[in-house]
Amino acid sequence: MIEETQDSAVLDDIDLALINCLQLDPRASWRTVGDALKVDPVTVARRWQRLQDSGTAWVSARATGHGRPESCLAFVEVDCTTSYALTIAERLARWPHVLSVEHTSGPGDLTLLVEVRDMAFLSRFLLRSLASVPGIVSSRAHLVTEVFAIGDDWKLQVLDATQRTVMTDRPVRYKYAPTDQRHHGKTFDAVDRQLILKLGEDGRSSIAELTVGTGLSESTVRRRLAELTSRNQIVFRCDVSLPLSGWPLVTWVWGYVDPTDRSTIRALVERVPGTRVCMRISGGRANTLLAIAAHSLRETPITEVQLAQEAPGLVVLNRSVVLRSMKRVGRLLDDEGKSAGVVPMDIWAEAPEIE
């Protein structure tokens, strides 16, 4: 039997493997994870509790497209007055429609991932809410038109083939669906929203915990959760502090790929190590946006070579490095990239009012 690590500030091989298991199936039973790692399920559960309590790793959930085919995901660059940048970042991180906030090098001071109900709402959000924040000089929005890879899909890749088989040799219940495969004509109601917001706080909440937390009956919770997952309207993900995971650096690459060139997109997703995000965007010269994780800044030249070799159809237009991530998919992060709080991703809320 493997001894349990006591130091919560250190991720050992079993911690990393446990996180990798939950990246493959965020709501897997501790027995399944224990079988994959050859560790007692009680020990696995105790390790996860330590990781979660320390903010080192967590499981969350969010709506995909919030049940509206016209819903809008956008990547927004924000230019700030230098003295206001931190205050602005902290303020925007508290807004429910802003899923992620990063301080970046390059052309924009802050980058935001925003999800709203439609383009009219996005316009109000940009022109009224965002433009009214003191210290913001300008912003540029890029609409996400297609998602090829997203942070939900990124894995630590520390499991061996046998361990991965244990975790994946069952129906995949929680998988991010491409835009054209979502919704199935069913929009969210108040019950769906309540359940999704509660799972956003802890994506591993049990049926019993969801029943208590939402006030819904156990049968309602089971039925609605099954419906949401079968329609791909909810996505679960396991996150980890990137600095502690050994992948502290993330670089955004803005580029152009011929819209008919699917082989380049496949290469970017499948053959470039560290690719966390690959999206088709609209709203500027670039039509492809990548986020690539690395072990250190020294790997940047190597990544450049890999992009050129594996995806020669990509024309790189710009780059920016994430200096600090303040919020990632609803989680407020501290300087170590650990979870320091939750902002419910209430994407049905009205646009923030500026006092």
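Couple of notes before you dig in:
- Restricting attention to the range 203-213, the residues being among the polar types (S, T, N, Q) and either within 17 Å of ASP189 (Cα to Cα) or assigned to a helix (DSSP H, G or I) (or both) number 1.
- Filter result for the condition that a residue is touching a residue at least 40 places away in the same chain (Cβ under 8 Å), more than 30 Å from VAL10 (Cβ to Cβ) and surrounded by fewer than 17 Cβ atoms within 10 Å (Cβ to Cβ), over GLY246, GLY255, GLY283: GLY283
- Across the range 322-341, not a single residue is classified as over 30 Å from GLY135 (Cβ atoms) and either acidic (Asp, Glu) or outside any helix (DSSP H, G or I) (or both).
- The range 258-274 - residue that is at pLDDT below 95 and open to solvent by less than 40 Å² (accessible area, probe 1.4 Å) and, of those, nearest to the chain's Cα centre (by Cα): GLY274
- Total residues in the range 219-230, condition crowded, with 18+ Cβ neighbours inside 10 Å and either outside any helix (DSSP H, G or I) or in contact with an Asp or Glu (Cβ under 9 Å, 6 or more places away or on another chain) (or both): 2
- Counted residues, the range 115-146 - those being part of a strand (DSSP E or B) and either charged (D, E, K, R) or touching a Leu at 6+ places or on another chain (Cβ under 8 Å) (or both): 10
- Just one residue in the set LEU290, LEU268, LEU216 is at negative phi, in a strand (DSSP E or B), touching a residue at least 12 places away in the same chain (Cβ under 8 Å) and not acidic (Asp, Glu); that residue is LEU290.
- The residues listed here are GLY185, GLY200; of these, the one that is small (Gly, Ala, Ser) and either assigned to a loop (DSSP other than H, G, I, E, B) or modelled with pLDDT under 95 (or both) is GLY185.
The values are calculated or read from the model by the stated rules, or taken from the named source; none is laboratory data. The shown structure was predicted, so the numbers you read here are calculated from the model rather than taken from an experiment. A quick note on method: Cβ atoms are made from the backbone with ideal geometry, for glycine too, and the neighbour counts reach across all protein chains shown. When the accessible area is computed, the model is the full protein with side chains, heavy atoms only, and any ligands, DNA or RNA have been set aside. Shrake-Rupley method; radii C 1.70, N 1.55, O 1.52, S 1.80 Å.
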